[in-house]
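J.: Supplied in structure tokens, the structure appears directly below.
The values are calculated or read from the model by the stated rules, or taken from the named source; none is laboratory data. Just so you know, these numbers come straight off a predicted model, no measurement behind them. Quick reminder, even Gly has a Cβ in these numbers, built from the backbone with ideal geometry, and neighbours come from all protein chains shown. Surface accessibility is based on the protein's heavy atoms, side chains included, excluding ligands, DNA and RNA. Shrake-Rupley method; radii C 1.70, N 1.55, O 1.52, S 1.80 Å.
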Amino acid sequence: MKKAFLLTAIVSFGYAQEILLKEVELKAKKETFKDSLEIREIRESSAKDVGEALTKLEGIWKIRKGGIANDVVLRGFYRDNINVLIDGDRVYAACPNRMDPPAFHVDFSQVEKIEVIKGPFDIRHQGSMAGLVNIITKKPEKGFHLKLNASAGSFNFINLSPVVSYADDKLGILVGYSYRYSKPYKDGDGKRITEYANYKPQFINSKAFEINTYWTKLGFKPIENHSVEFSYTKQDARHVLYPYLMMDAIYDKTDRFNMNYQIDGISDTLKSLKFHLYYTKVDHLMDSRFRTGMYMRTDAESKAYGGRLEANLGDLTLGFEAYKRNWDAVTFLQALGISQSSIPDVDTESFGLYSEYKKNLSDRLRLVAGLRLDTTKTKADSSKANTDLYFAYKNTRSTSKTDTYPSGNVQLFYELQKDTELFVGLGHSVRVPDAQERYFALRRPMRDWVGNPELKPSKNTELDLGIKHSTDKALIKATVFYSYVQDYITVHNQNKVNSVPGVMNSQARSYENVNAQFFGGEVDLKLSLTQELFLFGGMSYVQARKETKPEKNIRSSRVAEIPPLKTRIALRYDKGSYFGEVETLLSATQYRVDTDLNEQRTSGYGVVNIKVGGNFKGFTITAGIDNVFDKKYYEYLSYQRDPFATGVKVPEPGRTFYINASYTF
């Protein structure tokens, strides 16, 4: 790309230039399928977690369950249809309803940047069927550094985080801590979100979340061209309220260990060799002690460990990935008076080989191509699995399944003229059903919930087309995509097919394979109006349809939980050492709902946000007001289906004040 417009216009002072230059260099990369969000952009917002911060990128929405722990939705895909990783580590939710999605298990002070690949174009990680979100954490910089981060805002929100680091040519170490706390927020009508659910009076204004996070990273070079890095993070979340679910998190404790070893310059042919190893564990307890009505409790644990060996041969990269995921959950329902192995200690073991080839075919044309082959086995503990429920509703008692499948993609980038690039990508990727989708089993008073042991893997074949135009004054990028998903996994109402003693209900919520189509696109605009005035804009749209199976009670052709059209327009005045910005967010009404699952129409909305900020001699400060006109509104993805959903929509925050400050030494 020619001079990036951000560099020519925003940068007036050396400090701002240093920060923005790094962003420009990253965002000007020709791998157009990859987007990124920098820590500066995150720190300028009122976001409480990564899932909320990522909505600044086009094509990404969030699922809100409470004041924190927002889940990521990419082009209408969510849960295991996309990979959300931290430094390439697999961190899986322990909660069956994802109180604790992967992006929840990292603190902003750890984050350097977030990279996003839309579509099936990630070849390095098994399961990136519809995309990848990789959260990259900070490394220690040369010299001694102390960074103090502090944020405060409406509803008693506070976030304090000191980070200390030191690095020289041989050694680097970083240590950090973060504390986050808030009360339940209020909507535009002045009601706390806890007033919409069945909370006991004494807990309506209790703390919404309290989270302590500790982390350290150590790197050293034992000999020339060899580098080793270890990192460890511990997160302890307590008393986290989720109004749209029937239970709340009593605690959510996470341990994440990571090791990287790299050898560079081995030979003229073998450029580098990388070895990556990780272990993650999430221990989660949720119950309804803060609520009125029937008591329930789920104690769940999720573990994952794995690694990757990768060799760089210049234009060609070869790799091997392996991991094991274990998921176990026990649920107690007071109405039945028994504990049940709702997720019966399920192991998922996966092994994959991959290769990626990058080549400049001419001065204007580049090729990126990848191939991958995986075999994955899922196995439930047969002594814990409720095979009676499987048989009653799915006519099987199977507790294990092995799947072998290929993936691959081809991407072409063509420089049409000096400032304009075209790209086309065709990809095919697969993801295996998770432990909940295959082996979940829970007897309930009115309607059971059961997995489908015979589910097939979902296979996404997708075509992406796009154009990027960049000049000294503007950057415009537009992408359209069409995705055909064979054996997409959808929730449905399953009638009982076999009479089994003890299975009294006639229907259960379950999972079924259907073929589905997703299509839409994104537009992103950055325009320099004058030397200090900028216009930012973006638009995201997705629509999805699925085949019907009336015999399975799948009569609606609409795919559930598909977000509506959204638009962002912002005007920014920036002198480098200080700035001001006004932003408008618009969302269309969502009429396309899955009537089989009683989804409801959600009205569109428009809100206005403002913020100002500046930096001086190591100090950076941003202050803002979100939802300036205190509008009450709902995002379409503000409530979720069973197994533990309350069925109420959770409104977005009303007028919210915030201030973020940091000092770097």
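J.: How about the range 421-477: which of its residues are part of a strand (DSSP E or B), among the charged types (D, E, K, R) and within 30 Å of residue 533 (Cβ to Cβ)?
T.: Just the residues of the range 421-477 that are part of a strand (DSSP E or B), to begin with: 421-431, 441-442, 448-450, 458-470, 474-477.
Narrowing further to those that are among the charged types (D, E, K, R): 421, 431, 448, 459, 462, 464, 468, 477.
Those that are part of a strand (DSSP E or B), among the charged types (D, E, K, R) and within 30 Å of residue 533 (Cβ to Cβ): 421, 468, 477.
J.: For the range 164-203, which positions are aliphatic (A, V, I, L, M) and open to solvent by 50 Å² or more (accessible area, probe 1.4 Å)?
T.: Those that are aliphatic (A, V, I, L, M) and open to solvent by 50 Å² or more (accessible area, probe 1.4 Å): 164, 171, 173, 175.
J.: I need the full set of residues from the range 471-489 which are among the hydroxyl-bearing types (Ser, Thr, Tyr) and open to solvent by less than 10 Å² (accessible area, probe 1.4 Å), in order please.
T.: Scanning the range 471-489 gives 483, 488.
J.: Just one of 647, 614 is open to solvent by less than 60 Å² (accessible area, probe 1.4 Å) and in contact with a Ser or Thr (Cβ under 8 Å, 6 or more places away or on another chain); which is it? Show your work before the answer.
T.: Details: 647 fails: in contact with a Ser or Thr (Cβ under 8 Å, 6 or more places away or on another chain).
Selected residue: 614, the only one of 647, 614 that is open to solvent by less than 60 Å² (accessible area, probe 1.4 Å) and in contact with a Ser or Thr (Cβ under 8 Å, 6 or more places away or on another chain).
J.: Next question. Give the residues of the range 377-400 that are in a strand (DSSP E or B) and open to solvent by 60 Å² or more (accessible area, probe 1.4 Å), sorted by residue number.
T.: Within the range 377-400, 377, 379 meet the criteria.
J.: Residue by residue through the range 64-122, note down the ones that are free of Cβ contacts under 8 Å to residues at least 40 places away in the same chain and closer than 30 Å to residue 663 by Cβ.
T.: Once the filter is applied, which keeps residues that are free of Cβ contacts under 8 Å to residues at least 40 places away in the same chain and closer than 30 Å to residue 663 by Cβ, the range 64-122 yields only 70.
J.: Okay, next question. Residues in the range 61-75 that are modelled with pLDDT under 95 and either among the polar types (S, T, N, Q) or more than 24 Å from residue 648 (Cβ to Cβ) (or both): how many?
T.: Residues in the range 61-75 being modelled with pLDDT under 95 and either among the polar types (S, T, N, Q) or more than 24 Å from residue 648 (Cβ to Cβ) (or both): 1 in total.
J.: Please verify whether residue 611 is farther than 26 Å from residue 196 by Cβ, out of contact with any strand residue (DSSP E or B) (no Cβ under 8 Å at 6 or more places or on another chain) and not hydrophobic (A, V, I, L, M, F, W, C), treating the condition exactly as stated.
T.: Details: farther than 26 Å from residue 196 by Cβ: yes; out of contact with any strand residue (DSSP E or B) (no Cβ under 8 Å at 6 or more places or on another chain): no; not hydrophobic (A, V, I, L, M, F, W, C): yes.
Answer is no for this residue.
J.: Under the condition of being modelled with pLDDT of 95 or more and open to solvent by 70 Å² or more (accessible area, probe 1.4 Å), which residue from the range 527-546 is nearest to residue 495 (Cα to Cα)?
T.: Among those that are modelled with pLDDT of 95 or more and open to solvent by 70 Å² or more (accessible area, probe 1.4 Å), it is 545.
J.: Filter the range 363-376 for residues that are touching a Leu at 6+ places or on another chain (Cβ under 9 Å), open to solvent by 40 Å² or more (accessible area, probe 1.4 Å) and without any contact (Cβ under 8 Å) to a residue 60 or more places away in the chain and give the result.
T.: Passing the criteria: 364, 365, 373.
J.: Could you identify the single residue in 92, 166 that is of a type in the set (Ser, Thr, Tyr), outside any helix (DSSP H, G or I) and more than 12 Å from the chain's Cα centre (by Cα)? Show your work before the answer.
T.: Numbers: 92 fails: more than 12 Å from the chain's Cα centre (by Cα).
Only one candidate passes the filter, namely 166.
J.: Report, by residue number, each residue of the range 76-90 that is open to solvent by less than 10 Å² (accessible area, probe 1.4 Å) and charged (D, E, K, R).
T.: 89, 90
J.: Turning to a different aspect of this structure: Take the range 610-620 and flag every residue that is out of contact with any helix residue (DSSP H, G or I) (no Cβ under 7 Å at 6 or more places or on another chain) and in contact (Cβ under 8 Å) with a residue 40 or more places away in the chain.
T.: Correct list: 611, 613, 618, 619, 620.
J.: If I ask for residues that are surrounded by fewer than 16 Cβ atoms within 10 Å (Cβ to Cβ) and under 17 Å from residue 245 (Cβ atoms), which ones from the range 650-665 would you list?
T.: none
J.: Within the range 634-665, work out how many residues are assigned to a loop (DSSP other than H, G, I, E, B) and either within 30 Å of residue 492 (Cβ to Cβ) or among the charged types (D, E, K, R) (or both).
T.: 19
J.: What are the pairs with Cβ atoms under 7 angstrom where one residue, in the range 591-608, is more than 22 Å from residue 512 (Cα to Cα) and β-branched (Val, Ile, Thr) and the other, located anywhere, is outside any strand (DSSP E or B) and open to solvent by 90 Å² or more (accessible area, probe 1.4 Å)? Sequence gap at least six, or different chains.
T.: 608/629
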